[in-house]
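Participant: Before I ask anything, here is the structure I am working with.
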Amino acid sequence: MHTLGKMSASRLLISIIIMVSASGSSCMDGKQMTQIYSKMSAEGNISQPVLMDTNAMLCCPPIEFRNLIVIVWEIIIRGQPSCTKAYRKETNETKETNCTDERITWVSTPDQNLDLQIYPVAITHDGYYRCIMATTDGSFHRGYHLQVLVTPEVTLFQSRNRTAVCKAVAGKPAAQISWIPEGDCATKHEYWGNGTVTVESMCHWGGHNASTVTCHVSHLTGNKSLYIKLNSGLRTSGSPALDLLIILYVKLSLFVVILVTTGFVFFQRINYVRKSL
(Lines give C-alpha, C1' and ligand atoms only; values in the text may rest on other atoms or scores of the structure.)
Protein backbone atom coordinates (compact mmCIF):
# COMPACT_ATOMS: atom_id res chain seq x y z
CA MET A 1 0.00 0.00 0.00
CA HIS A 2 1.25 3.45 -0.91
CA THR A 3 0.82 6.19 1.64
CA LEU A 4 -0.10 9.78 0.91
CA GLY A 5 2.76 12.24 0.79
CA LYS A 6 3.54 15.77 -0.20
CA MET A 7 3.74 16.45 -3.91
CA SER A 8 7.38 16.71 -4.95
CA ALA A 9 8.76 19.68 -6.86
CA SER A 10 9.25 17.53 -9.95
CA ARG A 11 5.64 16.33 -9.89
CA LEU A 12 4.43 19.90 -9.52
CA LEU A 13 6.54 20.85 -12.53
CA ILE A 14 5.07 17.98 -14.53
CA SER A 15 1.55 19.09 -13.56
CA ILE A 16 2.29 22.57 -14.91
CA ILE A 17 3.55 21.08 -18.16
CA ILE A 18 0.41 18.93 -18.47
CA MET A 19 -1.84 21.96 -18.08
CA VAL A 20 0.08 23.79 -20.78
CA SER A 21 0.00 20.73 -23.08
CA ALA A 22 -3.72 20.16 -22.53
CA SER A 23 -4.54 23.69 -23.65
CA GLY A 24 -2.90 23.03 -27.01
CA SER A 25 -3.51 26.59 -28.19
CA SER A 26 0.06 27.62 -29.01
CA CYS A 27 3.69 26.89 -28.31
CA MET A 28 5.31 28.68 -25.41
CA ASP A 29 7.75 31.51 -25.86
CA GLY A 30 11.27 30.18 -26.35
CA LYS A 31 12.69 32.05 -23.34
CA GLN A 32 9.86 30.77 -21.14
CA MET A 33 10.41 27.20 -22.36
CA THR A 34 14.13 27.45 -21.59
CA GLN A 35 13.45 28.67 -18.05
CA ILE A 36 10.95 25.89 -17.31
CA TYR A 37 13.01 23.04 -18.71
CA SER A 38 16.53 24.20 -17.85
CA LYS A 39 16.57 22.07 -14.68
CA MET A 40 15.15 19.00 -16.38
CA SER A 41 17.90 18.37 -18.93
CA ALA A 42 21.38 19.73 -19.47
CA GLU A 43 21.45 18.38 -23.04
CA GLY A 44 18.41 20.20 -24.38
CA ASN A 45 16.12 17.18 -24.27
CA ILE A 46 12.70 17.71 -22.70
CA SER A 47 10.55 15.13 -20.92
CA GLN A 48 7.04 16.11 -21.95
CA PRO A 49 3.96 14.30 -20.57
CA VAL A 50 0.80 14.77 -22.66
CA LEU A 51 -2.76 13.63 -21.97
CA MET A 52 -4.22 11.11 -24.41
CA ASP A 53 -6.81 12.54 -26.84
CA THR A 54 -5.52 16.11 -26.40
CA ASN A 55 -3.66 18.35 -28.83
CA ALA A 56 0.14 18.32 -28.36
CA MET A 57 2.31 21.05 -29.85
CA LEU A 58 6.09 20.68 -29.98
CA CYS A 59 8.19 23.81 -30.47
CA CYS A 60 11.41 24.38 -32.35
CA PRO A 61 14.11 26.67 -30.89
CA PRO A 62 13.17 30.32 -31.42
CA ILE A 63 15.16 31.82 -34.30
CA GLU A 64 14.76 34.59 -36.85
CA PHE A 65 12.98 33.06 -39.85
CA ARG A 66 15.11 35.10 -42.24
CA ASN A 67 18.18 33.19 -40.99
CA LEU A 68 16.65 29.74 -41.58
CA ILE A 69 18.12 27.45 -44.22
CA VAL A 70 16.68 24.00 -43.48
CA ILE A 71 14.55 22.48 -40.73
CA VAL A 72 14.05 18.75 -40.09
CA TRP A 73 11.67 17.11 -37.61
CA GLU A 74 12.92 13.65 -36.67
CA ILE A 75 10.30 11.32 -35.16
CA ILE A 76 11.36 8.06 -33.53
CA ILE A 77 8.54 5.80 -32.27
CA ARG A 78 9.09 2.26 -31.01
CA GLY A 79 8.28 -0.41 -33.56
CA GLN A 80 8.14 2.03 -36.49
CA PRO A 81 10.72 3.29 -38.99
CA SER A 82 12.14 6.74 -38.25
CA CYS A 83 10.00 9.48 -39.80
CA THR A 84 11.43 12.81 -41.00
CA LYS A 85 9.61 15.97 -42.07
CA ALA A 86 11.91 18.50 -43.79
CA TYR A 87 11.51 22.04 -45.11
CA ARG A 88 13.99 24.02 -47.25
CA LYS A 89 13.35 27.75 -47.11
CA GLU A 90 15.17 28.69 -50.31
CA THR A 91 12.91 26.57 -52.51
CA ASN A 92 9.90 26.57 -50.13
CA GLU A 93 9.76 22.78 -50.46
CA THR A 94 8.72 20.14 -47.93
CA LYS A 95 9.68 16.48 -47.93
CA GLU A 96 8.57 13.52 -45.80
CA THR A 97 10.22 10.13 -45.37
CA ASN A 98 8.48 7.12 -43.73
CA CYS A 99 5.73 9.35 -42.29
CA THR A 100 2.38 7.52 -42.34
CA ASP A 101 0.59 8.88 -39.26
CA GLU A 102 -1.73 11.65 -40.45
CA ARG A 103 -2.23 12.84 -36.87
CA ILE A 104 1.37 14.19 -36.80
CA THR A 105 1.48 17.35 -38.91
CA TRP A 106 2.95 20.82 -39.19
CA VAL A 107 0.96 23.31 -37.12
CA SER A 108 0.61 25.35 -40.31
CA THR A 109 2.59 25.59 -43.52
CA PRO A 110 6.30 25.63 -42.61
CA ASP A 111 6.80 29.13 -44.04
CA GLN A 112 4.26 30.28 -41.40
CA ASN A 113 5.01 27.99 -38.45
CA LEU A 114 7.82 25.47 -37.99
CA ASP A 115 6.32 23.70 -34.98
CA LEU A 116 4.81 20.21 -34.94
CA GLN A 117 1.30 19.19 -33.90
CA ILE A 118 -0.11 15.83 -32.79
CA TYR A 119 -3.90 15.58 -32.73
CA PRO A 120 -5.42 13.64 -31.22
CA VAL A 121 -2.64 12.16 -29.11
CA ALA A 122 -2.73 8.33 -28.88
CA ILE A 123 -0.78 5.86 -26.74
CA THR A 124 1.23 4.92 -29.84
CA HIS A 125 2.70 8.44 -29.98
CA ASP A 126 5.09 7.67 -27.11
CA GLY A 127 8.54 8.41 -28.53
CA TYR A 128 11.29 10.90 -29.28
CA TYR A 129 10.71 14.02 -31.39
CA ARG A 130 13.56 16.35 -32.39
CA CYS A 131 13.61 19.64 -34.26
CA ILE A 132 16.93 20.22 -36.08
CA MET A 133 17.49 23.64 -37.63
CA ALA A 134 20.32 24.85 -39.90
CA THR A 135 20.64 28.63 -39.99
CA THR A 136 23.14 31.25 -41.08
CA ASP A 137 24.09 31.52 -37.40
CA GLY A 138 24.72 27.78 -36.94
CA SER A 139 22.73 24.68 -36.03
CA PHE A 140 20.09 24.41 -33.29
CA HIS A 141 18.04 21.53 -32.00
CA ARG A 142 15.44 20.67 -29.38
CA GLY A 143 14.31 17.15 -28.49
CA TYR A 144 11.19 15.88 -26.74
CA HIS A 145 10.74 12.58 -24.93
CA LEU A 146 6.95 12.43 -25.29
CA GLN A 147 5.13 10.45 -22.60
CA VAL A 148 1.44 9.85 -23.24
CA LEU A 149 -0.65 9.81 -20.05
CA VAL A 150 -3.89 7.83 -19.68
CA THR A 151 -6.36 8.56 -16.87
CA PRO A 152 -7.32 5.35 -15.03
CA GLU A 153 -10.94 4.37 -14.39
CA VAL A 154 -11.46 4.15 -10.63
CA THR A 155 -13.92 1.76 -8.95
CA LEU A 156 -14.57 0.81 -5.32
CA PHE A 157 -16.70 -2.00 -3.90
CA GLN A 158 -17.08 -4.17 -0.80
CA SER A 159 -16.16 -7.77 -1.59
CA ARG A 160 -16.92 -9.44 1.76
CA ASN A 161 -17.22 -8.74 5.48
CA ARG A 162 -15.26 -5.54 6.26
CA THR A 163 -13.16 -5.93 3.11
CA ALA A 164 -13.09 -3.40 0.26
CA VAL A 165 -11.45 -3.41 -3.16
CA CYS A 166 -10.26 -0.28 -4.95
CA LYS A 167 -9.15 -0.50 -8.59
CA ALA A 168 -7.47 2.01 -10.92
CA VAL A 169 -8.00 0.41 -14.32
CA ALA A 170 -5.75 0.93 -17.37
CA GLY A 171 -3.82 4.00 -16.28
CA LYS A 172 -0.51 5.20 -17.70
CA PRO A 173 1.70 5.36 -15.77
CA ALA A 174 0.52 3.16 -12.91
CA ALA A 175 -1.62 4.92 -10.29
CA GLN A 176 -0.91 4.88 -6.55
CA ILE A 177 -3.64 3.79 -4.10
CA SER A 178 -3.86 4.67 -0.42
CA TRP A 179 -6.56 4.23 2.24
CA ILE A 180 -8.01 6.28 5.10
CA PRO A 181 -7.91 4.79 7.66
CA GLU A 182 -5.16 2.31 6.92
CA GLY A 183 -6.11 -1.36 6.96
CA ASP A 184 -4.58 -4.74 6.27
CA CYS A 185 -3.97 -4.29 2.53
CA ALA A 186 -2.51 -6.11 -0.46
CA THR A 187 -1.82 -4.41 -3.80
CA LYS A 188 -1.22 -6.02 -7.18
CA HIS A 189 -0.42 -4.70 -10.65
CA GLU A 190 -1.61 -6.00 -14.02
CA TYR A 191 0.37 -4.81 -17.05
CA TRP A 192 -1.30 -4.54 -20.47
CA GLY A 193 0.29 -4.73 -23.91
CA ASN A 194 -0.49 -1.09 -24.74
CA GLY A 195 1.58 0.22 -21.84
CA THR A 196 -1.27 0.82 -19.39
CA VAL A 197 -1.40 -0.69 -15.89
CA THR A 198 -4.31 -1.76 -13.69
CA VAL A 199 -3.68 -1.40 -9.95
CA GLU A 200 -5.89 -3.25 -7.44
CA SER A 201 -5.74 -2.75 -3.68
CA MET A 202 -7.74 -5.01 -1.33
CA CYS A 203 -8.00 -3.98 2.33
CA HIS A 204 -9.52 -5.60 5.41
CA TRP A 205 -10.49 -3.81 8.63
CA GLY A 206 -11.15 -6.81 10.88
CA GLY A 207 -9.89 -5.30 14.15
CA HIS A 208 -10.81 -1.73 13.34
CA ASN A 209 -14.02 0.03 14.30
CA ALA A 210 -14.11 2.20 11.17
CA SER A 211 -17.57 2.42 9.65
CA THR A 212 -16.52 4.37 6.53
CA VAL A 213 -13.26 4.02 4.58
CA THR A 214 -11.85 6.14 1.76
CA CYS A 215 -9.80 5.00 -1.23
CA HIS A 216 -7.50 7.72 -2.60
CA VAL A 217 -6.05 7.25 -6.10
CA SER A 218 -3.08 9.44 -7.00
CA HIS A 219 -2.15 9.88 -10.67
CA LEU A 220 -0.29 12.39 -12.83
CA THR A 221 -3.55 13.19 -14.64
CA GLY A 222 -5.33 14.02 -11.37
CA ASN A 223 -6.35 12.53 -8.04
CA LYS A 224 -9.66 10.89 -7.12
CA SER A 225 -11.20 9.72 -3.84
CA LEU A 226 -14.10 7.32 -3.27
CA TYR A 227 -15.62 6.23 0.05
CA ILE A 228 -17.70 3.28 1.17
CA LYS A 229 -19.62 2.30 4.31
CA LEU A 230 -18.49 -1.09 5.53
CA ASN A 231 -21.16 -3.78 5.99
CA SER A 232 -23.94 -1.33 5.13
CA GLY A 233 -24.87 -3.00 1.88
CA LEU A 234 -24.17 0.27 0.10
CA ARG A 235 -21.42 0.23 -2.51
CA THR A 236 -20.08 2.81 -4.93
CA SER A 237 -19.97 -0.03 -7.45
CA GLY A 238 -20.95 -3.68 -7.26
CA SER A 239 -19.08 -6.89 -7.84
CA PRO A 240 -20.62 -8.43 -11.02
CA ALA A 241 -20.08 -12.02 -9.86
CA LEU A 242 -21.61 -11.35 -6.45
CA ASP A 243 -24.59 -9.54 -7.96
CA LEU A 244 -25.20 -12.47 -10.33
CA LEU A 245 -25.18 -14.96 -7.45
CA ILE A 246 -27.70 -12.86 -5.53
CA ILE A 247 -30.01 -12.69 -8.56
CA LEU A 248 -29.79 -16.45 -9.12
CA TYR A 249 -30.50 -17.11 -5.43
CA VAL A 250 -33.60 -14.89 -5.48
CA LYS A 251 -34.89 -16.53 -8.67
CA LEU A 252 -34.30 -20.02 -7.30
CA SER A 253 -36.09 -19.17 -4.05
CA LEU A 254 -39.04 -17.78 -6.01
CA PHE A 255 -39.16 -20.92 -8.17
CA VAL A 256 -39.21 -23.18 -5.10
CA VAL A 257 -42.08 -21.16 -3.56
CA ILE A 258 -44.10 -21.41 -6.79
CA LEU A 259 -43.38 -25.15 -7.07
CA VAL A 260 -44.47 -25.84 -3.48
CA THR A 261 -47.64 -23.74 -3.89
CA THR A 262 -48.54 -25.46 -7.16
CA GLY A 263 -48.01 -28.92 -5.62
CA PHE A 264 -50.13 -28.05 -2.61
CA VAL A 265 -53.02 -26.85 -4.83
CA PHE A 266 -52.70 -29.95 -7.02
CA PHE A 267 -52.93 -32.38 -4.08
CA GLN A 268 -55.83 -30.42 -2.59
CA ARG A 269 -57.78 -30.87 -5.83
CA ILE A 270 -57.00 -34.61 -5.95
CA ASN A 271 -58.29 -35.02 -2.38
CA TYR A 272 -61.43 -33.04 -3.25
CA VAL A 273 -62.13 -35.29 -6.29
CA ARG A 274 -61.63 -38.44 -4.22
CA LYS A 275 -64.02 -37.25 -1.56
CA SER A 276 -66.62 -36.37 -4.21
CA LEU A 277 -66.50 -39.91 -5.57
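The values are calculated or read from the model by the stated rules, or taken from the named source; none is laboratory data. Everything quoted here is computed from the prediction, not taken from an experiment. Cβ: placed from backbone, ideal geometry, glycine included. Neighbour counts: every protein chain shown. These accessible areas exclude ligands, DNA and RNA; they are computed on the full protein's heavy atoms, side chains included. Shrake-Rupley method; radii C 1.70, N 1.55, O 1.52, S 1.80 Å.
Participant: How much accessible surface area, in Å² rounded to 10, belongs to the heavy atoms of Tyr128 with a 1.4 Å probe?
Facilitator: 40 Å²
Participant: Another question, if that's okay. Projecting each Cα onto the charge dipole of the stretch 77-170 (Lys/Arg +1, Asp/Glu -1 at the beta carbon, about the Cα centre), which of Ser139, Thr163, Pro110 comes out farthest on the positive side?
Facilitator: Thr163
Participant: Okay, moving on. If each residue of separation counts as 0.36 nm, what is the full-extension length gain between Ser47 and Lys95 once their alpha-carbon separation is subtracted?
Facilitator: Residue separation times 0.36 nm, minus the Cα-Cα distance, leaves 14.6 nm.
Participant: Residue-wise, which Karplus ³J(HN,Hα) couplings in Hz belong to the stretch 102-119, taking 6.51 cos²θ - 1.76 cosθ + 1.60, θ = phi - 60°, and x for glycine or proline?
Facilitator: Coupling constants for the stretch 102-119: 6, 7, 9, 9, 5, 4, 8, 5, x, 6, 9, 7, 8, 7, 10, 10, 10, 8 Hz.
Participant: Roll a 1.4 angstrom probe over the protein heavy atoms and tell me the percent of accessible area of the stretch 67-166 that is carbon or sulfur.
Facilitator: C and S atoms contribute 47 percent here.
Participant: A further question on this structure: Could you report the stretch 87-161's accessible area per residue, 1.4 Å probe, as an integer in Å²?
Facilitator: Averaged over the residues of the stretch 87-161, the accessible area is 55 Å².
Participant: Still on this structure: Shape of the stretch 134-219 from its Cα gyration tensor (a ≥ b ≥ c, root eigenvalues): rounded if a/c is under 1.5, otherwise prolate when a/b > b/c, or oblate?
Facilitator: Judged from the Cα gyration tensor, the stretch 134-219 comes out prolate (a/c at least 1.5, a/b above b/c).
Participant: Additional query: Modelling each spin label as a point 7 Å along the Cα-to-Cβ direction, I'd like the Asn223/Glu190 distance in nm, to one decimal.
Facilitator: 2.7 nm
Participant: Quickly work out the Ile69-to-Asp137 label distance, labels modelled 7 Å from Cα along the C-beta direction, and quote it in nm with one decimal.
Facilitator: A separation of 1.5 nm, rounded to one decimal place.
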